[in-house]
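The values are calculated or read from the model by the stated rules, or taken from the named source; none is laboratory data. Small disclaimer: the values here were computed from a predicted structure and weren't measured. We place every Cβ from the backbone using ideal geometry, glycine too, and count neighbours over all the protein chains shown. Ligands, DNA and RNA are stripped out before the accessible areas are found, and what is left, the full protein with its side chains, is counted by its heavy atoms. Shrake-Rupley method; radii C 1.70, N 1.55, O 1.52, S 1.80 Å.
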Amino acid sequence: MTEIDTEKLSPMMAKYLETKEEYKDCILFYRLGDFYEMFFEDAETASRELELTLTGKNCGLDERAPMCGVPYHAVEQYLSRLVEKGYKVAICEQVEDPKLAKGLVKREVTRIVTPGTNISDQALEEGRNHYIMCVFAMQNVYGFSCADISTGEFFLSEVSSPDKLKDEILKLEPNEIICNDNLSILYPAINEIKERLGIAVYELGGWYFDKAECIKTLCEHFRVSSLTGLGLDSFDSGVVAAGALMQYLNETQMIPLTHITRLTPNNGSEYMLLDGASRRNLELTETMREKQKRGTLFWVLDKTKTAMGARLLRNDIEQPLLDEARIIKRLDAVEELCKKAVDRDEIREYLNAIYDFERILAKVSFHSINPRDMIALLGSLKMLPPIKLVLSSMQAEGLKEIYEQTDELKDIADRIERMIIDEPPLTIREGGMIRDGFDPDIDKLRRAKTEGKQWLASLENEERERTGIKNLKVKYNKVFGYYLEVTNSFKDLVPDDYQRKQTLTGAERYVTPRLKELEDMILNAEDKLATLEYDAFCELRDLIEANLDRIQRSARVMARLDVYASLSLVAEQNNYVRPKINRQGIIDIKGGRHPVVERMIQGDMFVDNDTYLDNKKNCISIITGPNMAGKSTYMRQVALISLMFQTGSFVPAREASLCIVDRIFTRVGASDDLASGQSTFMIEMNEVANILRNATQKSLIILDEIGRGTSTFDGLSIAWAVIEHISNKKILGAKTLFATHYHELTELEGKMDNVNNYCIAVKEKGDDIVFLRKIVPGGADKSYGIQVARLAGVPREVTDRAAQIVVQLLDNDITEKIQEIAIPAGARKTEIKTYDDVELGQMSFFDTTSDEDILTELAKLEITTLTPLEALNTLYHLQSKLKNRYKKGESV
């Protein structure tokens, strides 16, 4: 900001700049009446980003201060737009009544809104969390913590490498990351993530990450003397990250975050770790191209009735279980709900009436809950007793746990129902929300508004009878308010308790204590009523805040019940089966189907397929067949069926016996990533390297078309070596599906005892083909590329010409021609073959060397000038040319 002569500033502007100085990194929304105003550079920034008209305000300087503003009732939408662009916004409110203020109205910053702490309705999505993440980076460990202040979720964990941290970031998709300055040094790619994913990343000062201060902050928040009993002993770096995050939240939100009631340690060994590539390739929660929910596994499985259930289901899909007992518990619950479909449907009807009361409770903590939110909370709480009644007959452990942990909260529901009317106003300051009969004082004031005139008429009649003054009247003016007027002819009858207020020519004006009481009640009834109703509402809010932990527990178990009911319904509608669990490392699927593709195609057109993989004779399946035949769909369905099983879902198959896999790796397709300067082949190799470094014998690997981005021989060699590496039980031995167009790889079936060939069945009809979509043993003998091109709509003249060229190439036996292969430095010499040892497969398609050319070259040689070594090399060169003129085995 340019230098400003503060001595010339008006008092209001001087106070503004004083506040701005405290929040230099924020855009300051400064409340003035019914608007939030911005001045100077903030005004210029907001005007540009929000397309607001930039005006000016007299501030005591020679030039008017640049100014723009937004109305208070629409502030959330403007605020959200700024925060989405990565700005922080400080909200400065009037904290005293302007009518009572002496001089300048007192103003204070009440909260700072950042990308990860924006909980306005415009910023939140019902079915997904809104995380802020804190990372504490050290040399060999990355502690991180995440909070969703819209729901109260708070957890921590640790990872050992930048790649694993990246996987966590891609999984959680935080809206904001705060970190220590080490992160950008140890993990420079964080800047790439910031740009590509649109995540706001802020470095915090080192004092935030002081371990003692972090532990103190957490202990104070959770009201414990130490963290010993919270199960955090093995998460030193994670605790620091959590403490730093809590300090940051306290500073920005400026209120006690009472709805954050627990800190959960997230042990990575409990869940299957999915890297970013696998999550993207399997399209778990968003499609690769359109980034939409439709067409994903989440879309298929999500029949939840509540926003809480949808968020939990998404998290389950992102974090499949590794613990057999927990998987069985989920499967048992889903199975019982399948068997008791009537009870399940009744539960779903009740769940349908439950609002997102996790986020309603956050509003309680932020003191932003309104009367309509209270009615939504009441509607949710009233569903708990009937749900618990239905659950009382359930036998599955998971459902019995929900029954036992469901607090019916009848005391809270009863209080809300007795207090708040069925259709209350939106705001809490205007009154009109408390039921009649709840509070006698409120009822009295409410009657004063409507029955005031009747009360005054009754008083007038009572006083006439008491005093005998027949023409006594109750009147009103702005100076005296209400008064009793008595003409001079009846002045002698005025009782002693009348207080004279004014003498007129023909009458006297009096007041009485009773009249003043009615006056105060009638004239101030509206203001007093609004205040009393507001105070009563705040008492109710405080009661709920004191019981947040109880209500949150019930919210969590309702979310889990919603997930079970959703998985049960999907299993029933889509004809899924309960998978059996084996501990022999076997994946045995009979009649498996792709859960998403079968829902996207019309009718029952999807062709199911069997799969059998183990860690012995059926470790690697090499799958060949033309493009569009269904290789990728088949491999993905095996991965998705395994993943669904470990989330606790039934699976799309006729029968399935599955083992628990520790990780699922996929290398499926790629496109040039020009933004990061990486080509298709480089991305492919990065992903292959990640798989080979991190996979174990318990992993499931899906590899599709390895080696396509380079020359045929290099690609084939890499693919061959990768299969050799995976198949070696001493090195890896992971269950693998490997799709390829390199038909040479089918030779590995006879050379390695754990490699088997499969192909997609194809039926030829003249020049055309029909994909049968069935996986059968054996390797494909043709690629059918021209037929596929014809199916794709390539012009007939092009495909006909291609058919002619392929005949010519086959006649020339191109597969036996060769060009030199670049041999990496350090390769074993025994692996390098001579031209005579290798099938000649990559010579130029357009080699036109003739016998005459070779004879001419021979005739021009000066034999007498050649050294013996030069003569030998020349002879070898000419012989090679002659060999290339004839098919292998034909005499030259």
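Remarks
- Estimated vicinal HN-Hα couplings, Hz - segment 133-148 in sequence order (Karplus 6.51, -1.76, 1.60; Gly, Pro = x): 10, 10, 10, 10, 8, 10, 4, 10, 8, 10, x, 9, 9, 10, 9, 10
- Rounded to 5, percent antiparallel among DSSP beta bridges of the chain: 60
- Surface composition of segment 677-736: carbon and sulfur make up 54 percent of the accessible area, probe 1.4 Å.
- Placing pseudo-labels 7 Å out from each Cα toward the beta carbon at ASP527 and TYR72 gives an inter-label distance of 1.7 nm.
- Semi-axes of the equivalent ellipsoid for segment 204-248, computed as √(5λ) from the eigenvalues of its C-alpha gyration tensor and ordered from largest down, come to 17, 12, 7 Å.
- Pairwise Cα distances in segment 289-448 exceed 26 Å in 44 percent of cases.
- Straight-line cross-link partners of LYS102 among the lysines, defined as a Cα under 17 Å from its Cα and at least 8 positions apart when in the same chain: LYS15.
- About the Cα centre, charge dipole magnitude for the chain (Lys/Arg +1, Asp/Glu -1 at Cβ), debye: 1800
- Taken about its Cα centre, segment 1-158 carries a charge dipole of about 300 debye when Lys and Arg each add +1 at the Cβ and Asp and Glu each add -1 at the Cβ.
- Remark on GLY56: its backbone amide H falls under 5 Å from those of MET67, a criterion applied only to residues 5 or more positions apart or on other chains, H modelled at 1.01 Å from N.
- Counting only aspartates and glutamates at least 8 places from LYS164 when in the same chain, those with an alpha carbon closer than 13 Å to its own are ASP275.
- Equivalent-ellipsoid semi-axes of segment 74-187, from the Cα gyration tensor, Å, largest first: 35, 17, 12
- Value of relative contact order over the chain, rounded to a whole percent, pairs C-alpha under 8 Å and six or more apart: 8
- P(r) histogram, all alpha-carbon pairs of segment 259-379 included - 5 Å bins from 0, percent: 2, 9, 12, 16, 17, 17, 15, 9, 2, 0
- Helix-only CD estimate at 222 nm, as mean residue ellipticity for the chain, using -39500 (n - 2.57) per DSSP H run (n ≥ 4): -13000 deg cm²/dmol
- In this structure the amide hydrogen of LYS473, modeled in the peptide plane, comes within under 5 Å of the amide hydrogens of GLU485, none closer than 5 places in sequence on its chain.
- Relative packing of 98-104, 451-457, 181-187, which averages over residues the other C-beta atoms within 10 Å, highest first: 181-187, 451-457, 98-104
- Relative contact order for segment 534-657, counting Cα pairs under 8 Å that sit 6 or more residues apart, in percent: 37
- P(r) weight above 52 Å for the chain, C-alpha pairs, percent: 39
- Using bins of 5 Å that start at zero, the share of Cα-Cα pairs per bin across segment 458-578 amounts to 2, 9, 13, 11, 8, 6, 5, 5, 5, 5, 4, 4, 4, 4, 4, 4, 3, 2, 1, 1, 0, in whole %.
- Across all Cα pairs in segment 384-510, the calculated P(r) in 10 Å bins from zero up to the longest distance comes to 10, 23, 16, 15, 13, 7, 7, 6, 2, 0 percent per bin.
- Ranked by how many other beta carbons lie within 10 Å on average, peptides 523-535, 44-56 from highest: 523-535, 44-56
- When the pairs LYS24/LYS216; LYS590/LYS698; LYS449/LYS473 are compared against a 31 Å limit on Cα-Cα distance, every pair falls at or below it.
- Taking amide H positions as modeled 1.01 Å from N, with prolines and chain starts lacking one, the residues under 5 Å from VAL577 and 5 or more places away or on another chain are VAL651, ALA653.
- Across segment 587-602, coupling constants 3J(HN,Hα) worked out from phi with the 6.51/-1.76/1.60 Karplus curve, θ = phi - 60°, read 10, 10, 10, 10, x, x, 9, 7, x, 8, 4, 5, 7, 8, 9, 7 Hz, and Gly and Pro carry x.
- Considering only segment 77-218, percent of DSSP beta bridges that pair antiparallel, nearest 5: 70
- Rough spin-label spacing in nm, given labels placed 7 Å along Cα→Cβ, for VAL479 and LEU692: 10.2
- Alpha-carbon Rg with Dmax, taken over segment 121-164, Å: 13.0, 40
- Under 18 Å from LYS470, Cα to Cα: lysines that are on another chain or at least 8 residues apart: LYS491
- Based on protein heavy atoms only, the chain ends up with 50 Å² per residue of surface accessible to a 1.4 Å probe.
- In units of the rule-of-thumb radius 2.2 N^0.38 Å, segment 288-328 shows an alpha carbon radius of gyration of 1.34.
- For segment 1-111, the convex hull spanned by the alpha carbon atoms encloses 105 Å³ per residue.
- Segment 563-617 - percent of accessible surface contributed by carbon and sulfur, probe 1.4 Å: 47
- Distance between the modelled labels on SER184 and ASN370, one decimal in nanometres: 4.1 nm (7 Å Cα→Cβ projection).
- Ordering of 164-176, 216-228 by packing [mean C-beta count within 10 Å, highest first]: 164-176, 216-228
- Per residue Cα convex hull volume in Å³ - calculated over segment 714-764: 87
- Trypsin sites (Lys or Arg not before Pro) lying in DSSP loop within segment 578-615, provided at most 16 other Cβ fall within 10 Å: ARG583
- Top positive-direction residue, dipole computed over the chain with Cβ charges, set LEU692, PRO371, TYR634: PRO371
- From the C-alpha gyration tensor of segment 528-591, square roots of 5λ in Å: 51, 15, 6
- Cα extents for segment 413-456 along the principal axes, largest to smallest and rounded to whole angstrom: 39, 20, 14.
- Debye equation applied to the C-alpha atoms of segment 540-688, log10 I(q)/I(0) at 0.08, 0.17, 0.20 Å⁻¹: -0.36, -1.04, -1.25
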